[in-house]
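Nothing in this text is a laboratory measurement; each read-out follows from the coordinates by a stated rule. Not measured: the values here are computed from a predicted model. Cβ sites come from the backbone with ideal geometry, for glycine too, and all protein chains shown count toward neighbours.
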């Protein structure tokens, strides 16, 4: 089911295909994102105009025909250029589903999700197939089997077209393990009153080391990562149809107004606009 909100955005999701969500924006001039990350794999096509995309510490100019590739936990933000019309579509895929597909076709890394090295792809074939997938997902006349078949076809073909990268960062293996422990602790306790000492204890590092190495690994501070985890948790709750006031409380926000402000900053839509795409 898909619905349109007041800022020209359309979301699609279907309870029969819980591992994928799609978004279309016809006019993105008024849509601005703060730097954030997703727990999903995201891939988007610029379908009109031009904009800028910040990912992995660098800013890139993108235009019609560009494909933006965002790994899980990659800190990013794509925003308009002043006065320039731009449109785009995004597809968000659960990492477990994509990893299982990679395992099936032998493209995984020792059973783990295989990260992609490319940030921007200017491959006409990828753009054509990605926009085709978007049309398939939004097509009301196509059933769930047809849409899932389109998903498998596109992402199977994508594996051989994009470069790969291994882990989440360039820090040493020991640092990476400690920061993964820190991130896992934050995710598990994102609705709680987490302190820096709590995270340091879970990772076995000092506060100064944590702040430096965590940002190097994930591209954001532990606090920013915590807020991002709250919003990702809220997204899943809204997709399940939970009430906004309950989601705000369950995700550890002081009140609903605070939750709405933070959600809008990171998702560029209000919780209500996002929840309206809830499949019937």
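Think of it as helices only: each DSSP H run of n ≥ 4 in the chain is worth -39500 (n - 2.57), and spread over all residues that comes to -13000 deg cm²/dmol at 222 nm. Annotation for the stretch 99-155 versus the stretch 224-267: alpha-carbon center distance of 28 Å.
Computed over the chain with a Gaussian network model linking Cα atoms closer than 10 Å, the most mobile of 59, 87, 51 is 59. When a/c reaches 1.5 or more, the comparison of a/b and b/c decides; with that in mind, is the stretch 2-158 rounded, prolate or oblate per its Cα gyration tensor? Taking the square roots of the gyration eigenvalues as a ≥ b ≥ c, the stretch 2-158 is oblate. Shape call for the stretch 230-280 from the C-alpha gyration tensor, a ≥ b ≥ c root eigenvalues: rounded (a/c under 1.5), prolate (a/b greater than b/c) or oblate? Note, shape of the stretch 230-280 comes out oblate.
Just need the Rg to Rh number for the chain, please, alpha carbons only, Kirkwood Rh.
Rounded to two decimals, Rg over Rh is 0.95.
As a length-normalised measure over Cα pairs under 8 Å and 6 or more apart, the relative contact order of the stretch 2-158 settles at 24 percent.
Just check the stretch 195-280 against the gyration tensor rule for me: Cα atoms, a ≥ b ≥ c as the square roots of the eigenvalues, rounded for a/c under 1.5, and otherwise prolate or oblate depending on whether a/b exceeds b/c. The shape class here is prolate. Peptides 143-150, 254-261, 125-132, 74-81 ordered by packing proxy, namely the average of other Cβ atoms within 10 Å per residue, highest first: 74-81, 125-132, 143-150, 254-261. Of 11, 263, 155, the residue with the greatest mean-square motion in the GNM of the chain, using alpha carbon springs below 10 Å, is 155. For the chain, a Gaussian network of Cα nodes joined below 10 Å ranks 26, 177, 265 by mean-square fluctuation, and the top entry is 177.
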